[in-house]
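Have a look at the structure below before the remarks.
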Amino acid sequence: MKRTSYKLEDRTLIVGLGSELDHHNVSIINKELSKYLQMYIIKNIIFDFNDVTFMDSSGIGLVMGGYKQAVLYGGSVMLSNISERVDRIFAFSGVYRFVSKVEI
Amino acid sequence: MKNQMSLEFDSRSENEAFARVVVAAFATQLNPTLEEIDDIKTVVSEAVTNAIVHGYEQKEEYKVFLQCEITEQTIQITIMDYGVGIEDVEKAKTPMYTTKPYMNRSGMGFTFMEALMDELEVYSKKDEGTTVKMKKRIEAK
Ligand SMILES: Nc1ncnc2c1ncn2[C@@H]1O[C@H](COP(=O)(O)OP(=O)(O)O)[C@@H](O)[C@H]1O
Ligand SMILES: [Mg+2]
């Protein structure tokens, strides 16, 4: 199973999400994410879904939690490499009112 | 055809993945599409997560109960906990309603279960526990 990776580029944190976005893994990612946000000056967050093969509603919580953090710093959250299924889930739950898709 | 299985496991978040993979494997005898398998995995993950996060409030020493039944082309999945229970089930089912917003829960769990399955029934009593019963028909191919 693929783990999550973090890469800082300028003031944008790129989170390469692991394969399974459920409550268990999202709790781990949330802890790691808040460490990065404390340690570095980060404005924007890009969640890269390239390796994601499973996502339940915990993924919505992750993205919206990131959005709440980013707006505090005047930044934004972007999503890349979204599969058709994940796209449908995000559209259905209104996430695109707050975050947008980006190509990386 | 009729086939049944049941399982009990600890209320640890590691078991969210275990539970959805087991049910997906059991469902393969209905020859589902990849999309139907994803639907089943998602709803099992939602209900098991709820038992662990809400029912047992993340205490890991309790048991979650899972039962699956295939009758002809329909799979019925039941997930049960003896946790804190839900006071108002209709309210809990409302999209975006969550009692744990500080934990970054989205309040979309029941909404997904309703959208991805043909039937959803929730029985719950405060301080006694919660049973979630879902059904989905998998068309023969
Ligand atoms: N098994 C359960 N035991 C106790 N409360 C539950 C259970 N399942 C759901 N709930 C309640 O219903 C609410 C809505 O659940 P859900 O739609 O899955 O959203 P979320 O899990 O994101 O809060 C939860 O916030 C919780 O208060
Ligand atoms: Mg839930």
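The values are calculated or read from the model by the stated rules, or taken from the named source; none is laboratory data. Just so we're clear, the structure is a prediction, and the values are computed from it rather than from any experiment. No Cβ is skipped: glycine too gets one built from the backbone with ideal geometry, and neighbour counts run over all protein chains shown.
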How many residues does region A:30-60 contain that are closer than 25 Å to B:T98 by Cα, at the interface with another protein chain (Cβ under 10 Å from one of its Cβ atoms) and either among the hydrophobic types (A, V, I, L, M, F, W, C) or in a loop (DSSP other than H, G, I, E, B) (or both)?
5
Identify the single condition in (1) within 16 Å of ligand 1 (Cβ to nearest atom); (2) in contact (Cβ under 8 Å) with a residue 12 or more places away in the chain that A:K68 does not satisfy, given that it satisfies every other one.
(2)
Among the residues of region B:88-96, is there at least one that is in contact (Cβ under 8 Å) with a residue 40 or more places away in the chain and either part of a loop (DSSP other than H, G, I, E, B) or more than 8 Å from ligand 1 (Cβ to nearest atom) (or both)?
no
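Being polar (S, T, N, Q) and touching a Gly at 6+ places or on another chain (Cβ under 7 Å) is the filter here, so list the residues in region B:54-100 that pass it.
Taking region B:54-100 and keeping what is polar (S, T, N, Q), we get B:58, B:67, B:71, B:73-74, B:76, B:78, B:94, B:98-99.
Correct list: B:T98 only.
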Whichever residue in region A:68-85 is crowded, with 20+ Cβ neighbours inside 10 Å and within 14 Å of another protein chain (Cβ to nearest Cβ) and, among such residues, is modelled with the lowest pLDDT
A:A70
Among the residues of region B:59-72, is any over 15 Å from B:V23 (Cβ atoms), surrounded by fewer than 17 Cβ atoms within 10 Å (Cβ to Cβ), within 14 Å of another protein chain (Cβ to nearest Cβ) and not charged (D, E, K, R)?
no
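On the given criteria, is A:N25 closer than 30 Å to B:M113 by Cα and either more than 10 Å from chain B (Cβ to nearest Cβ) or surrounded by fewer than 20 Cβ atoms within 10 Å (Cβ to Cβ) (or both)? Give the steps one after another, and end with the answer.
Values: closer than 30 Å to B:M113 by Cα: yes; either more than 10 Å from chain B (Cβ to nearest Cβ) or surrounded by fewer than 20 Cβ atoms within 10 Å (Cβ to Cβ) (or both): no.
Taking the combined requirement at face value, the residue does not satisfy it.
Within region B:49-87, work out how many residues are among the charged types (D, E, K, R) and either modelled with pLDDT under 95 or part of a loop (DSSP other than H, G, I, E, B) (or both).
6
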Any chance region B:23-34 includes a residue that's under 22 Å from B:V122 (Cβ atoms) and touching a Leu at 6+ places or on another chain (Cβ under 6 Å)?
no
If A:S58 meets every condition in (1) among the polar types (S, T, N, Q); (2) farther than 21 Å from B:G109 by Cα; (3) buried (at least 21 other Cβ atoms within 10 Å of the Cβ) apart from one, which number is that one?
(2)
Under 6 Å between Cβ atoms, at least 6 apart or on separate chains: pull out the pairs that start in region A:17-35 with a residue that is over 21 Å from A:I104 (Cα atoms) and within 16 Å of ligand 1 (Cβ to nearest atom) and end on any residue that is of a type outside the set (D, E) and modelled with pLDDT of 95 or more.
A:D22/A:S58; A:D22/B:S45; A:H23/A:S58; A:H23/B:S13; A:H23/B:T49; A:H24/B:S13; A:V26/A:S58; A:V26/A:L62
Could you count how many residues in region B:106-125 are free of Cβ contacts under 8 Å to residues at least 60 places away in the same chain, within 25 Å of A:V63 (Cα to Cα) and surrounded by fewer than 22 Cβ atoms within 10 Å (Cβ to Cβ)?
4
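What do you reckon, is B:A115 outside any loop (DSSP other than H, G, I, E, B), over 11 Å from the mean Cα position of the chain (by Cα) and within 13 Å of B:V132 (Cα to Cα)?
It is false that B:A115 is outside any loop (DSSP other than H, G, I, E, B), over 11 Å from the mean Cα position of the chain (by Cα) and within 13 Å of B:V132 (Cα to Cα).
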Identify, please: which residue in region B:83-101 is at the interface with another protein chain (Cβ under 10 Å from one of its Cβ atoms) and more than 10 Å from ligand 2 (Cβ to nearest atom) and is, among those, surrounded by the most Cβ atoms within 10 Å (Cβ to Cβ)?
B:P95
